[in-house]
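Worksheet: one structure, shown below.
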Protein chains: 2
Amino acid sequence: MKGEMATMTDEQRVREANERFYMAMTTAEIEDMDAVWVEDAKSICIHPSRDALIGYDAIRESWVSIFSGESSMSIAAGNERITISGDSAWVVCNETISVATPDGLGAAAAQATNIFRRIGGEWKMVLHHASAVPFTSQDDWPDVIN
Amino acid sequence: MKGEMATMTDEQRVREANERFYMAMTTAEIEDMDAVWVEDAKSICIHPSRDALIGYDAIRESWVSIFSGESSMSIAAGNERITISGDSAWVVCNETISVATPDGLGAAAAQATNIFRRIGGEWKMVLHHASAVPFTSQDDWPDVIN
C-alpha cells in the first residue's frame, strides 16, 4: 500500500471521513467525534425526529449524552452516494443501527445526509442529518438516539 | 427597489431559490418544481420516512404523485440557516405544513436540509432531505407525503 495516501482521490478521502464519523458513533469516544467535525458555530446536526442543533458545542453535548447512556450502538453505513463540489462534499447513505440495551437488542434503519468541507486539506463534517426509515416503526426507534 | 437584482448577495439568491422550492410545493405545479431542481441523475430527494430517491426522473415522479393527490398543501419555511461555500450552498430550515384533505385539515412540522449548486449563475436544488419532527407524531404525518 506504499504511496496510497498520496494517490487517494477526493472521493476516497470523503468516503473515509464519512466512515470515521460512523466509527466514532460505534467507539462512542467523544475525542473521535471531535476529530470528525468542524468545531464551529455554524455546524449543524439533526438527530432522528429532532430539531436541528446549531453549533458544535450543542452538537458535542448531544454526543456526550448519547455516549454516556447504558446502551451501546454499532452503526454501519451503506450505499454511499458522494458528490464533490470544490471544497464541499456531501454523502447520502443508509445507516443500519444495532443497539444493545440492558433490555435486549434493537435495530433501526435511517437515511443520512452528511456534508463535509475541505479545511486545511482535511475533509471535516459540517452537517449531519439523519432520519428514520420504516425498517422499524418510529415508535421502536431506540430511546438512546430518539 | 431599482437595481435590487444587481446587488443581491449570494445569500439572498440562495434564500430566494429555497423559497421558490416551497412555493412550488404550495402551487403544486410540476413546472415550478422543474425550475427549482438540477434535472440530473445525481440529484437526491429524501421525503419524510422514505428512502432516498436518486436522479431527477424519480424525484419528479414523486412530486407528480404528491401533486395529483386529493389533498392540497401549504408549506412555510422558517428559521433558515444558510451556508455558502464556493458554488455550493446549503439551507437548513423548519417546515410548517398545512394539509387540506377531503377529511379535514392537518398540520405537521419537519426539518429540512436543502443543497443548491450555482450553475450558469443560477442556484439550483440538488438535494432535499426532509424529516418529521414531533409537532405531530410520526403516525399523524399526512398520507400525502408519507
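Some points to look at:
- Those residues of the range A:85-101 which are buried (at least 20 other Cβ atoms within 10 Å of the Cβ), β-branched (Val, Ile, Thr) and within 14 Å of chain B (Cβ to nearest Cβ), in sequence order: A:VAL91, A:VAL92
- Restricted to the range A:102-116, and to residues there that are within 24 Å of B:SER49 (Cα to Cα) and more than 12 Å from the chain's Cα centre (by Cα), the residue that is surrounded by the most Cβ atoms within 10 Å (Cβ to Cβ) is A:ALA108.
- For B:GLU29, the requirement of being under 17 Å from B:ARG118 (Cβ atoms), within 15 Å of the chain's Cα centre (by Cα), surrounded by fewer than 15 Cβ atoms within 10 Å (Cβ to Cβ) and away from chain A (no Cβ under 14 Å) is not met.
- Test: residue in the range B:117-127 that is within 11 Å of another protein chain (Cβ to nearest Cβ), at pLDDT 95 or above and under 14 Å from the mean Cα position of the chain (by Cα): yes
- There is at least one residue in the range A:77-85 that is in contact (Cβ under 8 Å) with a residue 24 or more places away in the chain, in contact with a helix residue (DSSP H, G or I) (Cβ under 8 Å, 6 or more places away or on another chain) and more than 27 Å from A:GLY106 (Cα to Cα).
- For the range B:28-58, filtering for residues that are of a type in the set (Asp, Glu) and in contact with a strand residue (DSSP E or B) (Cβ under 9 Å, 6 or more places away or on another chain) leaves 3.
- Scanning the range B:38-84 for residues that are at pLDDT below 95, buried (at least 20 other Cβ atoms within 10 Å of the Cβ) and away from every other protein chain (no Cβ under 14 Å) yields B:MET73, B:ILE75.
The values are calculated or read from the model by the stated rules, or taken from the named source; none is laboratory data. Predicted model, so just to flag it, every value in this text is computed and none were measured. Here the Cβ is made from the backbone with ideal geometry for all residues, glycine too, and neighbour counts use every protein chain on show.
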